[in-house]
Amino acid sequence: MEQLHWKVKHQVDFSQEDDFLETILKSCGVENIEEFLHPSQKFELDPFSLDNMDKGLELLHNNLDKKIFIKVDCDADGFSSASYLRQFIEKINPETRIDYRLNFEKKHGLTFEDVAQYKKGELGLIIIPDASVLVEEAKKVKEELDVPILILDHHEIEDSNKGMLELATVINCVLGNYKNKHLSGVGVVHKFCSAYCTKYGLDQSLADYYLDLVALGMISDAMSMISLENRYYVTQGVMEENRHNELIKEMIKANEEEFKLGLTITNIGWTLGPRINATIRYGKPEEQIDLFRAICGEQEDREYRPRRKRASDPLPELEIHSLQKTMARVCNNVKSRQDAEVRKFMKKIDEVIIKEGLDKNSVIAVDGSDILTKSTVTGLVANKIASKYHRPVLMLKSFSEDVFGGSGRNYGQGNIEDLRGFLGQFEPFDKLAGHSNAFGIEIKKDKIPELIKDCNEKLPLDSLVTIHEVDYEIPADKLKLKDVLNVANSYKIWGNDVPEPKFAITNLHINAKDINAYGENKGFILFRFRNIPFIKKYCPKGDYEQMVLHTRTTMGKSKKDLTLNLICSFVLTEYNGKTEPQVKIWYYDSQERTKEEIEEDWVF
């Protein structure tokens with residue numbers, strides 16, 4: 001079988017009595033382990049050290065008797081930010097009139113069109129949480145409506161838009177001397193509302209009530225969890241006693257299998273965030289509006305009739321569900337729709353790749369102009385294609401008769417660490433902007449053959465390999481159950497820039513008869529080594545036979561002596577209310593041991 005390749009981020013001699021957890025956290029950049037594991041309120045920074053805080057607070061306070069407009073940004077952090085702000089304002093002054101507007105086409109920031117329906121003097125204040133406004137749009141708002149603009153943001157401001165700072169009151173954690181540059185939009189909103197309570201003599205619990213929204217937005221926006229201020233807010237926000245938002249509660253119930261071990265950074269980031277983002281970016285306008293209303297706590301009953309299990313079953317009784325329960329179900333449905341659409345698009349793109357022989361190139365550049373009718377899934381499709389073909393992908397769409405635009409996506413386990421930098425050396429692009437491995441492109445159509453030729457020469461097809469990045473390498477005979485348990489029990493601290501560690505476990509010697517498989521198509525592979533349970537779930541058909549090297553000539557169960565190399569993580573599994581540490585297998589290779597190798601084990 002194909003040999004497994006990996007690269008190790010951290011070289012540690014596990015023959016010593018290392019503290020696994022301490023080693024892992026220090027390698028992530030954690031300086032004080034105790035403070036990191038037990039963040040306290042002392043890590044909250046003074047909100048008044050944010051530039052323009054006093055001015056922004058006065059703008060809100062002096063306009064509470066007027067209509068306030070909030071622009072809602074189109075992601076989970078944007079919804080969390082706007083929802084928090086809206087509810088806080090309504091709590092401190094229930095008489096304040098609040099209007100808001102969503103973006104339905106994945107566009108960020110305020111435009112004049114968002115407020116063009118208002119007359120001069122009708123609005124007292126425009127607030128833009130988790131986004132900003134371009135200079136020309138801000139000028140038009142000032143000229144036409146003469147209304148102040150308050151920005152509560154965390155994104156870098158491009159040099160070309162610095163003039164906006166003269167047109168709006170900007171509170172942004174990346175500006176000035178504020179020490180935590182890693183707040184998300186909802187984090188800045190929390191600092192603002194906390195400062196409002198201080199300045200105007202209100203109880204801090206009015207702001208802290210929304211810490212569950214702070215945790216949702218910051219995790220979904222992949223903010224640093226090494227920052228002790230961020231960590232304090234998130235650890236507080238995931239606590240059950242601080243869980244107030246009814247939509248979050250209903251989404252946890254609707255996905256209870258993912259939350260058996262409680263609410264964590266990981267399952268918020270992999271379950272709640274993606275479902276909310278899918279609805280914001282892929283849902284129908286009415287679904288997006290209802291989602292924002294639900295996260296803001298609006299009350300409304302909806303009728304729901306469960307589906308029949310069989311067509312012959314009687315029609316189930318109507319049920320009355322809250323808006324929040326309804327939208328928890330809708331979020332799951334939209335995510336399923338999005339996933340199905342991605343699979344459909346991917347199948348059609350795959351057909352083009354095979355038909356045109358694009359898989360013969362080390363970088364796949366495919367024209368999806370007539371296929372990718374939903375721009376919000378282009379990046380998702382590109383990621384799927386990159387994973388399938390184990391190489392970078394340029395997903396192209398026709399911008400004009402002569403120009404392609406689109407998205408570049410790297411294969412995260414391939415030869416290239418920085419795809420944008422790799423492509424930049426060839427210089428055929430009109431635009432190549434964004435992150436190192438996920439970016440936007442524009443390129444003239446007649447430049448594509450030249451680009452592919454250059455890529456094939458610089459990165460020959462036969463040099464492509466899948467290289468798994470692991471945090472640590474452990475010889476199997478050094479693996480201890482206590483270390484597996486120590487890491488597995490730390491599941492609550494993993495997430496964002498403190499990721500769950502992956503391990504390469506090498507030279508694991510086992511007889512094939514001790515490896516078992518269960519379920520349809522033998523989809524679950526299990527064995528124990530040094531009393532440590534190993535498991536590989538949802539295996540494709542033939543995976544078990546490949547691991548145990550079972551061939552057509554093998555009679556009965558294979559009894560070969562094997563050497564396995566494994567890419568794994570250490571996890572807790574829950575079954576019937578009981579938790580157990582396991583080594584979860586992601587990838588493996590398997591070779592039969594020679595007679596000489598086996599005999600060497602008996603030489604002392």
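Observations, loosely collected:
- On the stretch given as the stretch 367-386, residues that are under 27 Å from Asp462 (Cβ atoms), out of contact with any helix residue (DSSP H, G or I) (no Cβ under 7 Å at 6 or more places or on another chain) and open to solvent by less than 70 Å² (accessible area, probe 1.4 Å) total 3.
- Residue check, Ile353 in a helix (DSSP H, G or I), open to solvent by less than 60 Å² (accessible area, probe 1.4 Å), in contact with a strand residue (DSSP E or B) (Cβ under 9 Å, 6 or more places away or on another chain) and farther than 26 Å from Leu85 by Cβ: yes
- Within the stretch 215-252, being assigned to a helix (DSSP H, G or I), hydrophobic (A, V, I, L, M, F, W, C) and under 19 Å from Val188 (Cβ atoms) holds for Ala215, Leu216, Met218, Ile219, Leu228, Val234.
- Residue within the stretch 465-476 that is touching a helix residue (DSSP H, G or I) at 6+ places or on another chain (Cβ under 8 Å), outside any helix (DSSP H, G or I) and more than 24 Å from Thr266 (Cβ to Cβ) present: no
- Failed criterion for Glu298 (all others in (1) in a loop (DSSP other than H, G, I, E, B); (2) without any contact (Cβ under 8 Å) to a residue 12 or more places away in the chain hold): (2)
- Note on the stretch 253-285: among residues that are part of a loop (DSSP other than H, G, I, E, B) and more than 19 Å from the chain's Cα centre (by Cα), the one that is nearest to Gly495 (Cα to Cα) is Leu261.
- Look at the stretch 413-441: where a residue is over 26 Å from His5 (Cβ atoms) and acidic (Asp, Glu) and a partner is in a strand (DSSP E or B) and open to solvent by 40 Å² or more (accessible area, probe 1.4 Å), sitting 6+ places away or on another chain with Cβ atoms under 6 Å, you get Asp430/Glu442.
- Filter result (farther than 25 Å from Arg86 by Cα, in contact (Cβ under 8 Å) with a residue 40 or more places away in the chain and open to solvent by 30 Å² or more (accessible area, probe 1.4 Å)) within the stretch 263-286: Thr266
- Taking each residue of the stretch 21-43 that is of a type in the set (Phe, Trp, Tyr) and looking for partners that are part of a loop (DSSP other than H, G, I, E, B) with beta-carbon atoms closer than 8 Å, six or more apart or interchain, yields Phe36/Val30; Phe36/Ile226.
- For the stretch 92-125, a residue qualifies if it is among the aromatic types (Phe, Trp, Tyr) and assigned to a helix (DSSP H, G or I), and exactly one does: Phe112.
- Checked against (1) surrounded by fewer than 18 Cβ atoms within 10 Å (Cβ to Cβ); (2) of a type outside the set (Gly, Ala, Ser); (3) over 27 Å from His5 (Cα atoms), His390 meets all criteria but (3).
- Candidate set from the stretch 292-317 (those that are farther than 16 Å from Ser80 by Cα and of a type in the set (Lys, Arg)); member that is surrounded by the most Cβ atoms within 10 Å (Cβ to Cβ): Arg302
- Filtering the stretch 126-138 to residues that are open to solvent by less than 80 Å² (accessible area, probe 1.4 Å) and either assigned to a loop (DSSP other than H, G, I, E, B) or of a type outside the set (D, E, K, R) (or both) leaves Ile126, Ile127, Ile128, Pro129, Asp130, Ala131, Ser132, Val133, Val135, Ala138.
- Test: Ile289 is out of contact with any strand residue (DSSP E or B) (no Cβ under 6 Å at 6 or more places or on another chain), among the aliphatic types (A, V, I, L, M), assigned to a helix (DSSP H, G or I) and open to solvent by less than 20 Å² (accessible area, probe 1.4 Å): no
- Residues of the stretch 306-342 satisfying the condition of being modelled with pLDDT under 90 and basic (Lys, Arg): Arg307, Arg308, Lys309, Arg310
- The number of residues in the stretch 441-478 that are under 29 Å from Leu263 (Cα atoms) and surrounded by 19 or more Cβ atoms within 10 Å (Cβ to Cβ) comes to 3.
- Taking the criterion of being surrounded by 16 or more Cβ atoms within 10 Å (Cβ to Cβ) and either part of a loop (DSSP other than H, G, I, E, B) or of a type in the set (Lys, Arg) (or both), the residues of the stretch 32-66 that qualify are Pro39, Glu44, Leu45, Leu50, Asp51, Asn52, Asn63.
- Looking at the stretch 506-576, the strands (runs of 3 or more DSSP E) lying wholly inside it that each contain 2 or more residues that are in contact with a strand residue (DSSP E or B) (Cβ under 8 Å, 6 or more places away or on another chain) and farther than 25 Å from Trp6 by Cβ sit at 516-518.
- Of the residues making up the stretch 503-538, just one is open to solvent by less than 50 Å² (accessible area, probe 1.4 Å) and of a type in the set (D, E, K, R), namely Lys536.
The values are calculated or read from the model by the stated rules, or taken from the named source; none is laboratory data. A quick note: this is a predicted structure, and the numbers were derived from the prediction, not measured. As a convention, Cβ positions derive from the backbone with ideal geometry for all residues, glycine included, and neighbour counts pool all protein chains shown. Ligands, DNA and RNA are stripped out before the accessible areas are found, and what is left, the full protein with its side chains, is counted by its heavy atoms. Shrake-Rupley method; radii C 1.70, N 1.55, O 1.52, S 1.80 Å.
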